[in-house]
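Read through the structure below, which is laid out as structure tokens, and then see the notes.
The values are calculated or read from the model by the stated rules, or taken from the named source; none is laboratory data. What you see is a predicted model; the values in this text were computed from it and never measured. Methodologically, a virtual Cβ is constructed for each residue, glycine included, from the backbone with ideal geometry; neighbour enumeration extends over all protein chains shown.
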Amino acid sequence: MQLLGSVASPFVRRLRLVLAGQPYQFVALNIFESEGRSVLVQHNPARKVPVLVDGEQVIFDSGVIYRYLASKLKFKPLSWDQENGLTTINACTDSLVELLLCKRSGFDVTEDKLFFNLQHERIQATLEALHTYDLNDLTQ
């Protein structure tokens, strides 16, 4: 198995934790440079990391990859509360990544613009919600 992704991606980091202790190869890509981008494009038409290559099977999207690994490695199914917790984490992470990409593209993400405001609101709301979760319920 190969996991393709960037070192900095929180979606990739999560899967690297899931795969700890399993036989796999991590292929670090800099998706903002042509070489890493060309490898990514070969495997994922959505041009996003992570990508899991397991023989002939190619899976993209961290949630789908997790479900594939959970099935393959016989993990205990997630509860609905755990699924909701992951959805909350994903929403926060997605907004953080969107703002980072906007900032790297030269936008001032502190401007009073609808897109930026929605991302900041989502980050605030999801972080507040995560404080109310019982973390033991999310990790068992």
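Quick look at the values:
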read-out	value
Filter result for Ile59 (free of Cβ contacts under 8 Å to residues at least 12 places away in the same chain, within 19 Å of the chain's Cα centre (by Cα) and closer than 19 Å to Arg14 by Cβ)	yes
Hits in the stretch 1-21 (condition: crowded, with 18+ Cβ neighbours inside 10 Å, assigned to a helix (DSSP H, G or I) and either free of Cβ contacts under 8 Å to residues at least 40 places away in the same chain or of a type outside the set (A, V, I, L, M, F, W, C) (or both))	Arg14
Test: residue in the stretch 101-108 that is surrounded by 14 or more Cβ atoms within 10 Å (Cβ to Cβ) and either touching a residue at least 12 places away in the same chain (Cβ under 8 Å) or part of a loop (DSSP other than H, G, I, E, B) (or both)	yes
Selection status of Asp94, more than 17 Å from Arg14 (Cβ to Cβ), out of contact with any Ser or Thr (no Cβ under 7 Å at 6 or more places or on another chain) and not small (Gly, Ala, Ser)	no
Selection from the stretch 45-68 of residues that are surrounded by 15 or more Cβ atoms within 10 Å (Cβ to Cβ) and part of a loop (DSSP other than H, G, I, E, B)	Lys48, Val49, Pro50, Asp61
Residue among Ala70, Ala125 that is among the aliphatic types (A, V, I, L, M) and either under 17 Å from the mean Cα position of the chain (by Cα) or at pLDDT below 95 (or both)	Ala70
